[in-house]
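A short worksheet on the structure shown next.
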Amino acid sequence: MKRAVFVVLFIFLVSSVFAEDIEFTDSTLTQGEFESFTKELGVALSFNPMSPAETLGVTGFDIGAELVVTDISDNKKYWETLVDNNDPSSYLPVPRLHVQKGLPFNIDIGAMYTAVPNSNIKLWGVELKYALLEGTAATPALSIRGSFSKLEGVDELDITTQSGDILISKGFMMLTPYAGLSALRINGSENSDLVNFEDIHEVIYRGLAGLQFSPLPLFVINLEASIGEVNQYGVKAGIRF
């Protein structure tokens, strides 16, 4: 438990170092720049799986802290003008608290939340996962997953995401590698007096690969990468049983 608390504090400390407010301060931004910004920020705010395909079972829980960093175009005008100090980092870190609960009929439900320290970014999301194949000692688990996330705290910007994933995983001793394909829909609109852009509805496709490692009973560490138009890398530490 002490290890888990330390990891949670570390994750939120790291994210606070790079955190910045998002606000519209430049009326010369174009529709194309707004679309590019919304796509990259939408990916950063999406609800990543951060767990294998196998479901938890009726008595199962998974509670963890995550840090997901997104590779953004920090040298582009839209990032330089839409963060409050005009000097964005190359990666946008977003910490999350992530909880999953197993249900009957091979179903998991989950939720995540964050309020990024030193930033106006707040985020929440929900997920539902269903195991098509439970997996055995000889065969992999296969599941489908749907998720939703919503940005809060940025008064001038509304962003929601919906994701559909297919995941496969196979455990080996303390290791459970997994992989998947994802279709991510990003919806964005602005509420600023400085600009007037059309709403954004963008769908992007990504591949993901991850590894869950259990060095101690109940304690798990996940590493995950999502590769596509906008790349992401995540780490999670928590308790799973």
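The values are calculated or read from the model by the stated rules, or taken from the named source; none is laboratory data. These numbers come from a predicted model, not from an experiment. With ideal geometry, Cβ positions are generated from the backbone for all residues, glycine too; neighbour counts draw on all protein chains shown. Remember, those area values only see protein heavy atoms, side chains included, never the ligands or the DNA or RNA. Shrake-Rupley method; radii C 1.70, N 1.55, O 1.52, S 1.80 Å.
At 1.4 Å probe size, with the rest of the protein present, what percent of the exposed accessible area of the chain is carbon and sulfur atoms?
Carbon and sulfur together cover 63 percent of it.
Taking A138, A115, A44 in turn, the Gaussian network model of the chain (Cα-Cα springs below 10 Å) assigns the largest fluctuation to A138.
The label-point distance for E229 and E198, in a model that sets each label 7 Å from Cα toward Cβ, rounds to 1.5 nm.
Placing pseudo-labels 7 Å out from each Cα toward the beta carbon at S214 and V58 gives an inter-label distance of 2.0 nm.
Accessible surface area normalised per residue over segment 74-174 is 48 Å², counting heavy atoms of protein chains with a 1.4 Å rolling probe.
Largest first, the residues T70, T81 sort by 1.4 Å accessible area into T81, T70. Taking a 31 Å limit on the Cα-Cα distance, which of the listed pairs K150/K236; K77/K122; K39/K236; K76/K170; K101/K122 fall beyond it? Beyond 31 Å between Cα atoms: K76/K170. Note on K77 and Y113: with the Förster distance fixed at 30 Å, the Cβ-Cβ geometry gives a FRET efficiency of about 0.45.
For M174 and I144, what does the FRET efficiency come to when R0 = 22 Å and r is the distance between their Cβ atoms, rounded to the nearest 0.05? Plugging the Cβ-Cβ distance into 1/(1 + (r/R0)^6) gives 0.25.
The heavy atoms of R145 offer some 10 square angstrom of accessible surface to a 1.4 angstrom probe.
Within the full protein context, the accessible area of L223 is estimated at about 100 Å² for a probe radius of 1.4 Å. Largest accessible area first, the residues Y91, Y178 order themselves as Y91, Y178 under a 1.4 Å probe with ligands, DNA and RNA left out. Applying the Karplus relation 6.51 cos²θ - 1.76 cosθ + 1.60 with θ = phi - 60° to segment 132-145 yields 3J(HN,Hα) values of 6, 10, 6, x, 9, 5, 10, 10, x, 8, 9, 9, 10, 9 Hz, where x marks Gly and Pro. Heavy-atom accessible area with a 1.4 Å probe sorts M112, M174, largest first, into M174, M112. Against the chain, whose longest principal axis comes from its Cα atoms, helix 31-45 is set at around 30 degrees. In the list (i) 16; (ii) 21; (iii) 12, the label attached to percent of Cα pairs over 32 Å apart as derived from the coordinates here is (ii). For the pair segment 102-143 / segment 197-241, the C-alpha centres are spaced 11 Å from each other. Restriction of the GluC sites (Glu not before Pro) in segment 159-241 to DSSP coil positions whose beta-carbon has at most 14 other beta-carbons within 10 angstrom yields E198, E229.
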